[in-house]
Amino acid sequence: MIGLLIGRFQPFHIGHLDAVKFALSNVDELLIGIGSSNKSNEKRNPFTADERREMIESSLDDATLKKVRIYYIPDVDDHERWTYRVDEIVPRYDVVFSNDEFTHTLFGKRGVRVISVPLKQREILSGTDIRVRIKEDQDWAELVPKGTQKVLLKINAKNRLTNL
């Protein structure tokens, strides 16, 4: 069975890592879609698709990486068309993993099975909050996997977030 998990991963944090593990406990292979892949260097989307891919790949162990394929999913300005655009990009999948109500609705309208992912510490594990913590020199490193930490330090995320 093949699953699909789409997120912006701005940045990829430990909640996202748990979502990947949860999804893989339900399927044999996981397609990860990096959403808003055509957006970067913006306040809401500061990191490029390639940077986010590097965060994901460097945060997963080798056994997990063998079960995962990553795809770039650009934004489209037509919500109803979005799921069809996803299908043009990724191979066939059996189930979608998401907590986003809109994603549930859009895929549900097409008869695609959607499984909710248990949220881990949602009150502190949000990309928005992590970006604020990085920008304001607050503790953030424990909220992201080591691979993501390395990428954020390498690209000088604090400087980028400050200058957006």
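The values are calculated or read from the model by the stated rules, or taken from the named source; none is laboratory data. Every value quoted in this text rests on a predicted model; they were computed, and no experiment measured them. Cβ coordinates were reconstructed from backbone atoms using ideal geometry, including for glycine residues, and neighbour counts include every protein chain displayed. Surface areas here come from the heavy atoms of the whole protein model, side chains and all, with no ligands, DNA or RNA. Shrake-Rupley method; radii C 1.70, N 1.55, O 1.52, S 1.80 Å.
Structure summary
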item: Meets criteria (free of Cβ contacts under 8 Å to residues at least 60 places away in the same chain and closer than 24 Å to Leu60 by Cα) for Asp139; result: yes
item: Residue count, segment 72-106 (criterion: more than 22 Å from Leu119 (Cα to Cα) and of a type outside the set (Val, Ile, Thr)); result: 16
item: Helices (runs of 4 or more DSSP H) wholly inside segment 90-164 that include at least 3 residues being farther than 23 Å from Asn41 by Cα and open to solvent by 30 Å² or more (accessible area, probe 1.4 Å); result: 101-109
item: Any pair with Cβ under 8 angstrom, 6 or more apart, that starts in segment 56-80 at a residue that is among the basic types (Lys, Arg) and ends at one that is surrounded by 13 or more Cβ atoms within 10 Å (Cβ to Cβ) and part of a strand (DSSP E or B); result: Lys67/Glu29; Lys67/Leu30; Arg69/Glu29; Arg69/Leu30; Arg69/Leu31; Arg69/Ile32
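Per-residue answers, yes or no, for (1) farther than 13 Å from Pro11 by Cα; (2) in contact with a strand residue (DSSP E or B) (Cβ under 7 Å, 6 or more places away or on another chain):
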site	(1), (2)
Arg44	no, no
Thr48	no, no
Arg53	no, yes
Ser58	no, no
Ala63	yes, no
Lys67	yes, yes
Tyr71	yes, yes
Asp87	yes, no
